[in-house]
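Remarks on the structure that follows.
A short reminder: the numbers here are calculations on the coordinates, not readings from a lab. Model, not experiment: these values are computed from the prediction. Positions of Cβ are backbone-derived with ideal geometry, glycine not excepted, and every protein chain shown enters the neighbour counts.
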Amino acid sequence: MKPILITNDDGIAAEGLLRLARAAKEFGDVWVIAPRQQRSAVSHSITLRHSLDIFPVSFPVEGVSAYSCTGTPADCVRVGIYSVMPEKPDVVLSGINYGFNVASDIQYSATAGAAFEASFQGCTGIALSEQACSCHEVTDAHLIGILKMLIGRSPGPGCIWNVNFPGCSLSEFRGILEDRKVSAGSLYRDRYKLIEKLDGDGIRVIVDGIYNENAEEGTDFCAVVKKYISIGRVRNII
């Protein structure tokens, strides 16, 4: 069976990673290489001036070879392909991310960044994310079907598949929408909140996002707001 590489940006102990590895076992020989700790919002950054430590870890899915890495999700893809796996995977799965990766937020997403690195390496990159909540009914019911649909189906040069699952009950779920465009909007309208004033006229601030559901029809953002699974191709800027 052809090896499948799985990574994420929530860290090696994330529940979404575990659920994805279980599902992926139906499609190949699964290898997990994931960040040692939370590495969200680092986009497609890679480590060039520091060493990376990679350690085998005990993983609670039988038959899965798993490793932690001190780098970013994109680093995990690179070291997996170049140094850890016995052969290059056909597909790299990134996720399941805790929180949507839709609209303009995709540019910051390390989940998407890892999938783009896979694309650069000549593999099919699939980013998978779900609403940040405790309800996984839709994801767990449709994950294997979505993987069956996309594994072996190229999104095209420089592109990845981007999948987002709504966090609702199956009774509320409205279906699957393919070919979703990337929204120009944003799930959170960010601002920065003052925490304290510092010596030397400095200030200390923290990001303070305002939740937003104003989404354009036909987009990834609109699909998840309306409780659909969104599937779309996302092209890198280069």
**Request:** Divide by every residue of the chain the summed helix terms, -39500 (n - 2.57) for each DSSP H run of at least 4, and state the resulting mean residue ellipticity at 222 nm, rounded to the nearest 500 deg cm²/dmol.
**Result:** -6000 deg cm²/dmol
**Prompt:** Given the pairs Lys25/Lys227; Lys25/Lys226; Lys181/Lys227; Lys25/Lys88; Lys181/Lys226; Lys2/Lys227, which are separated by over 25 angstrom at their Cα positions?
**Reply:** Lys25/Lys227; Lys25/Lys226; Lys2/Lys227
**Fill in**
Working note, the chain: Cα radius of gyration (Å, one decimal) and Dmax (Å, whole number) are 17.8, 61
**Computed E for Lys193/Glu217 - FRET, C-beta separation, R0 35 angstrom, nearest 0.05** = 0.60
**Asked** Percentage of Cα-Cα pair distances in the range 129-188 greater than 18 Å, rounded to whole percent?
**Response** 43
**Fill in**
the chain, Gaussian network, Cα under 10 Å: of Asp201, Asp179, Asp220, the residue fluctuating most is Asp201
**Request:** Name the residue, out of Ile160, Ile203, Ile33, whose mean-square fluctuation peaks in a Gaussian network model built on the chain with Cα pairs under 10 Å.
**Result:** Ile203
**Message:** Within the range 175-215, name every residue whose backbone N is under 19 Å away from a label modeled 7 Å from Cα of Ala41 along the Cβ vector.
**Reply:** 185-196, 203-213
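If you place +1 on the Cβ of every Lys and Arg, -1 on the Cβ of every Asp and Glu, and leave all else neutral, what size is the dipole of the chain about its Cα centre, to the nearest 20 Debye?
320
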**Relative contact order (%) - criterion: Cα under 8 Å, at least six apart; region: the chain** = 18
**Request:** Mind running the shape call on the range 86-202? Use the C-alpha gyration tensor, a ≥ b ≥ c as the square roots of the eigenvalues: rounded below 1.5 for a/c, prolate if a/b tops b/c, oblate otherwise.
**Result:** oblate
**Item:** the range 81-141 and the range 215-238: distance between their alpha carbon centers, rounded to Å
**Value:** 15
**Request:** May I ask you to list the trypsin sites (Lys or Arg not before Pro) in the range 163-193 that are in a DSSP loop and have at most 15 other Cβ atoms within 10 Å of their Cβ?
**Result:** Arg174, Arg191
**Karplus (6.51, -1.76, 1.60) ³J(HN,Hα), θ = phi - 60°, over the range 100-107, in Hz, Gly and Pro reported as x** = 4, 10, 9, 6, 5, 5, 4, 5
**Prompt:** For the residues Cys69, Cys76, Cys123, what sequence is obtained by ranking on other C-beta atoms within 10 Å, fewest first?
**Reply:** Cys123, Cys69, Cys76
**Asked** Amide H neighbours of Ile6 under 5 Å, counting only residues 5+ apart in sequence or on other chains, H built in-plane at 1.01 Å?
**Response** Trp31, Val32, Ile33, Leu93
